[in-house]
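Everything below concerns the one structure shown next.
The values are calculated or read from the model by the stated rules, or taken from the named source; none is laboratory data. Keep in mind it's a predicted model, so treat the numbers as computed, not measured. Calculation scope for accessible area: heavy atoms of the full protein, side chains included, ligands and nucleic acids excluded. Shrake-Rupley method; radii C 1.70, N 1.55, O 1.52, S 1.80 Å.
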Amino acid sequence: MTIAADLRPAQGPTVASAPATASAPALRIGPIALDTPVVLAPMAGITNTAFRRLCREYGAGLYVSEMITSRALVERNAITMRLIQHHESETPRSIQLYGVDPATIAEAVRIIVAEDRADHIDLNFGCPVPKVTRKGGGAALPWKIGLFSDIVQRAVKAAGDVPLTVKMRKGINKDHLTFLDAGRAAEDAGAAAVALHARTASEYYSGHADWSAIGELKQAVTSIPVLGNGDIWSAADAVRMMDETGCDGVVVGRGCLGRPWLFGELAAALGPSAGSGAQEAGSGTQATGSRREQAPVVDATLGFVKDAFRRHAELLVEFFEDEDRGCKDIRKHVAWYFKGYPVGGELRAALARASTLQEIDDLLGTIGDAPYPGIGAEGQRGRAGSPKRTALPEGWLDSRELGEGVGDMMRGAETENDGG
């Protein structure tokens with residue numbers, strides 16, 4: 001089915017949907033009730049306030065900040081304090097924290113709660129980036145199960161009534177899987193939900209996510225929601241993941257790059273009106289039938305995409321309070337937005353050089369409309385990379401306990417941050 005995409009209010013493009021019903025929420029994370037069981041995954045340099053606001057204009061969900069380094073927050077790094085700010089329109093507010101020291105993470109959580117900076121906090125145990133894992137952080141940390149449990153327990157206690165969740169990967173590699181132990185430990189520690197990116201750290205973003213692992217985690221963790229992440233490029237993928245694994249919701253990352261309206265498709269497929277029969281959606285009509293039978297697709301014509309790109313640039317300028325910086329930041333999104341569309345290389349390059357909104361407007365004005373190109377605009381987005389050996393501290397895999405020397409090294413990692 002197709003959702004017509006011709007309604008664009010002054011604030012930006014949107015995907016129309018039926019009014020919410022009085023039915024039970026599709027997902028509950030602590031006191032937070034979500035009618036659409038969808039979470040935006042934190043992505044460095046992407047999920048700032050501007051992008052979160054843009055995605056929210058298309059559909060409901062939980063929109064999480066970029067990964068924030070706990071030490072930087074405790075030390076009130078200027079960049080970090082800016083990154084944890086939310087626009088007044090953002091609710092519920094969500095912040096993801098990264099760290100390796102239980103005391104530092106707990107203090108960061110206390111600051112967020114005491115200063116009322118978020119309604120939800122997520123802990124990152126899934127980052128596969130070498131500069132994080134070589135210090136024992138991110139996807140490497142759950143291997144030290146005692147340290148993992150200590151971090152989650154202390155963070156949950158510090159969070160009080162604010163729900164705290166955990167995002168992780170399957171493990172370091174196929175021979176060192178941690179997700180079942182970590183999932184049960186997070187549940188025992190009082191986490192409000194766990195999310196699994198169904199790849200190991202060594203797989204990075206290559207190959208295909210192992211959704212069967214999400215199903216295994218759902219069987220192992222029974223008292224809190226289990227969310228699935230990996231290879232959700234469309235609403236149909238989200239529906240299929242929930243059907244195949246039994247997970248309670250989905251976490252969407254690279255699939256929304258250059259396609260923020262994916263959250264409109266997800267709301268139509270998984271929200272309170274999904275499967276309720278024919279409904280108006282813009283100037284089109286959603287076909288009758290269960291969401292299990294057919295997932296909606298936005299009729300993203302080239303004109304629709306241009307409007308979304310322009311709105312994104314506008315929000316970035318507002319976020320940075322600097323037109324030049326905002327226009328520079330949108331450059332990384334050009335290829336994602338126009339993937340599959342008849343926009344030539346020279347024009348794309350010109351958009352990637354624009355330094356004012358007027359330049360962007362002038363360039364977009366030279367692009368005509370074109371129908372949604374279908375398969376050419378779909379599928380994987382962002383770099384997949386290839387499997388690689390995960391960078392780890394020396395002797396990390398020798399034991400699941402945290403040795404004294406390794407502990408000292410990890411404490412040093414807390415001082416290395418870039419304000420993110």
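So how far, in whole Å, is the C-alpha centre of the range 136-174 from the one of the range 358-391?
34 Å
Please give the per residue accessible area of the range 216-274, computed with a probe of 1.4 Å over protein heavy atoms only, in Å².
24 Å²
Given 135/306; 131/328; 131/174, which pairs have Cα atoms separated by over 30 Å?
135/306
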